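Below you'll find the structure, written out as structure tokens, and then a few comments.
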Amino acid sequence: MTRRILVLNGPNLNLLGTREPEIYGSTTLADVERLCAQEARRHGLEVTCVQSNHEGGLVDALHEAGAAGDVVGVVLNAAAYTHTSVAVLDAVKAVRLPVVEVHLSNPHAREPFRHHSFLSPVAEAVVAGAGADGYRWAVELLATRHGG
Ligand code: DQA
């Protein structure tokens, strides 16, 4: 059984490529997911990619990953729910999978309401401001530490 990394993206990230390109760049979500799959393959792993605009969709995807038994970790860009969601925080704590929190932009260089993350205290690592490369590094980190 090939083990997997869950690449989980939150609200509005389905619009990557056209959404505020001056902040998020021109890379689409499909590009990001392809990059993650390529990086995972290099380490003998697969990815499952999920995007949801709904808080509960992110919670459900985390639960499924936790129950599956073949998921080694989660690359999580919870987007705006990063800054608001106790439910996503609780789901991350409940499933006990290593999570790398990723942001395309650097939220700390933006509006004050983006400076707090509910998820960072329970993330194994945080990558912010590196654009799509951040996802690749997150996959590499999870594969290196947990995919062996
Ligand atoms: C984001 C940063 C968040 O503040 C924002 O709400 C997003 C995207 C990022 O990838 O830079 O939707 O998570």
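The values are calculated or read from the model by the stated rules, or taken from the named source; none is laboratory data. No experiment lies behind these values; they were computed from the predicted model shown. Every residue, glycine as well, gets a Cβ built from its backbone with ideal geometry; the counts of neighbours run over all protein chains shown. For the accessible areas, the whole protein counts, side chains as well, though only heavy atoms, and no ligand, DNA or RNA atoms are used. Shrake-Rupley method; radii C 1.70, N 1.55, O 1.52, S 1.80 Å.
Select from segment 31-40 the residues that are under 20 Å from Gly57 (Cα atoms) and either within 13 Å of the ligand (Cβ to nearest atom) or hydrophobic (A, V, I, L, M, F, W, C) (or both) and list them in ascending order.
Result: Val32, single match.
In segment 1-30, which residues are more than 13 Å from the ligand (Cβ to nearest atom) and loosely packed, with under 15 Cβ neighbours inside 10 Å?
Met1, Thr2, Thr18, Ser26, Ala30
Between a residue in segment 129-148 that is under 21 Å from Arg3 (Cα atoms) and any residue that is crowded, with 21+ Cβ neighbours inside 10 Å and modelled with pLDDT under 95, which pairs come within a Cβ distance under 9 Å, given they are 6 or more apart or on different chains?
Partner pairs satisfying both residue conditions: none exist.
Of all residues in segment 34-75, which are among the charged types (D, E, K, R) and open to solvent by less than 50 Å² (accessible area, probe 1.4 Å)?
Those that are among the charged types (D, E, K, R) and open to solvent by less than 50 Å² (accessible area, probe 1.4 Å): Glu39, Asp70.
Working only within segment 124-141, note down all residues that are at negative phi and within 13 Å of the ligand (Cβ to nearest atom).
Val126, Val127, Ala128, Ala130, Ala132, Asp133, Gly134, Tyr135, Ala138
Could you check how many residues of segment 121-133 are more than 12 Å from the chain's Cα centre (by Cα) and not in a loop (DSSP other than H, G, I, E, B)?
3
Thr144 fails exactly one of the following numbered conditions: (1) surrounded by 14 or more Cβ atoms within 10 Å (Cβ to Cβ); (2) of a type in the set (S, T, N, Q); (3) more than 10 Å from the ligand (Cβ to nearest atom). What is the number of that condition?
That leaves (1) as the condition not met.
Can you tell me which residues in segment 77-120 are near the ligand (Cβ under 10 Å from one of its atoms) and assigned to a strand (DSSP E or B)?
If the condition is that a residue be near the ligand (Cβ under 10 Å from one of its atoms) and assigned to a strand (DSSP E or B), then Asn77, Glu101, Val102, His103 are the ones that fit.
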